1. So Gly217 clears everything in (1) within 22 Å of Ile148 (Cβ to Cβ); (2) part of a loop (DSSP other than H, G, I, E, B) except one condition, right? Which one?
2. Pairs only if they're at least six apart or on different chains, beta carbon under 9 angstrom, first in the stretch 100-117 and free of Cβ contacts under 8 Å to residues at least 12 places away in the same chain and of a type in the set (D, E, K, R), second within 16 Å of ligand 2 (Cβ to nearest atom) and not in a helix (DSSP H, G or I); list them, first residue then second.
3. Scan the stretch 29-52 and tell me whether some residue there is over 19 Å from the mean Cα position of the chain (by Cα) and part of a loop (DSSP other than H, G, I, E, B).
4. Answer yes if at least one residue in the stretch 64-78 is within 19 Å of the chain's Cα centre (by Cα) and either among the acidic types (Asp, Glu) or surrounded by 15 or more Cβ atoms within 10 Å (Cβ to Cβ) (or both), and no otherwise.
5. Looking for whichever is over 24 Å from Ser30 (Cβ atoms) and not basic (Lys, Arg) here; the options are Gln55, Gln75, Gln147. Which one fits?
6. Considering (1) in contact with a helix residue (DSSP H, G or I) (Cβ under 6 Å, 6 or more places away or on another chain); (2) modelled with pLDDT under 95; (3) away from ligand 2 (no atom under 14 Å from the Cβ), say which one Pro302 fails and leave the rest.
7. Within the stretch 86-93, can one find any residue that is away from ligand 2 (no atom under 16 Å from the Cβ), under 29 Å from Gly176 (Cα atoms) and touching a Pro at 6+ places or on another chain (Cβ under 9 Å)?
8. Determine, yes or no, whether Gly128 is surrounded by fewer than 21 Cβ atoms within 10 Å (Cβ to Cβ) and without any contact (Cβ under 8 Å) to a residue 12 or more places away in the chain.
Amino acid sequence: MSSQNIYILGIESSCDDTAASVMLNGKILSNVVASQKIHIEYGGVVPELASRAHQQNIVPVVDQALKKANIDKSQLSAIAFTRGPGLMGSLLVGTSFAKSLAYGLGIPLIDVNHMSAHILAHFIDEEGFNKPPFPFLAMTISGGHTQIVKVNHYFDMEVIGETIDDAVGEAFDKSGKILGLGYPAGPEIDKRAQIGNPKAFKFTKPKVDGLNFSFSGLKTAILYFIQKETKENPNFIEDNLNDICASIQYTIIGILIDKLKIASKQTGIKHIAIGGGVSANSGIRKALKDGEAKFGWTTYVPKFEFTTDNAAMIAIVGYLKYLEGDFAEQNVIASARLKI
Ligand code: KG4
Ligand code: ZN
């Protein structure tokens, strides 16, 4: 490792959060996120509105990240940005901004894959949080992604399972919409699930081969179930909301844990890390902890601020790539479907 001080500015703009973070030698100095509230009234992210909001937010967010880190932009060693995957219009804002700033400052530019970053967030130096040893399994679960990745090394990863339709966060959010909950519904379903009966209602798990996931059938099953029940009792949702939430969450967690069990068995890997907004879920955290006793797993859950979309995870990848001298050219372009 180098003895010089390496300051990385990370920029994330792949979906509906404009974020910037400054890192010094793997440690976070600032981590600023502007979450776009504009999408709430639409019940989901509207891409065109997202890119416009990124344009408004990016300068103040970067400025704040530098101020909070107490450094001047002239001290930066490199700029890391999310190249993809994500919404094209949103990615373009962060990419263009990062390119111009790096060019203006005459410092290296580092392109980052958002999905790898969710995983490598586990390598941010943070007291009380252990870093997983290689190889480990990473499950990224959020509103936009659901993947199981075999991580051999920082930049040697294999996607061994992923969703064939909705992401797991969408399963929470779309179920919540059916129940009349606000967006995003995951946190409220979680809260209600903690005081409901998870076995009150049974939803069948999808049958998907191997390590892939499917969540769109569950959403349809919940819709038909609610339509049928409310025909008989118009107050069915109100009367049973906590139990319905607990039963939905129980089903979703069952699907995730079943696949993790298969992945762990197939690969012989027992170190399991999670990331993405859904890893805030109390049920998945408990199920993972239970897996430690039941299956001999060692599990890793990052600090909450590094698990939802953030720029600290972009900065840590920037730092790791900086150490390897792996820089991007000025003609690098954003890529909406970038693969790990
Ligand atoms: O990582 P994230 O902030 O953004 C991306 O989608 O990339 O994840 C947001 C997703 C939403 O679908 C939200 O409903 C879900 O994470 N979520 C939760 C919880 N907190 C956030 N889902 C279940 N339980 C939670 N406690
Ligand atoms: Zn994400």
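1. Checking Gly217 against (1) within 22 Å of Ile148 (Cβ to Cβ); (2) part of a loop (DSSP other than H, G, I, E, B), the one that fails is (2).
2. none
3. No, the conditions are met nowhere in the stretch 29-52.
4. No, the conditions are met nowhere in the stretch 64-78.
5. Being over 24 Å from Ser30 (Cβ atoms) and not basic (Lys, Arg) holds for just one of Gln55, Gln75, Gln147, which is Gln147.
6. Of the numbered conditions (1) in contact with a helix residue (DSSP H, G or I) (Cβ under 6 Å, 6 or more places away or on another chain); (2) modelled with pLDDT under 95; (3) away from ligand 2 (no atom under 14 Å from the Cβ), the odd one out for Pro302 is (3).
7. Yes, there is a match, as at least one residue in the stretch 86-93 is away from ligand 2 (no atom under 16 Å from the Cβ), under 29 Å from Gly176 (Cα atoms) and touching a Pro at 6+ places or on another chain (Cβ under 9 Å).
8. For Gly128, the condition - surrounded by fewer than 21 Cβ atoms within 10 Å (Cβ to Cβ) and without any contact (Cβ under 8 Å) to a residue 12 or more places away in the chain - is met.
The values are calculated or read from the model by the stated rules, or taken from the named source; none is laboratory data. As the structure is a computational prediction, the values presented were derived from the model and not from experiment. When we count neighbours, we look across all protein chains shown, and the Cβ atoms used for this are built from the backbone with ideal geometry, even at glycine.
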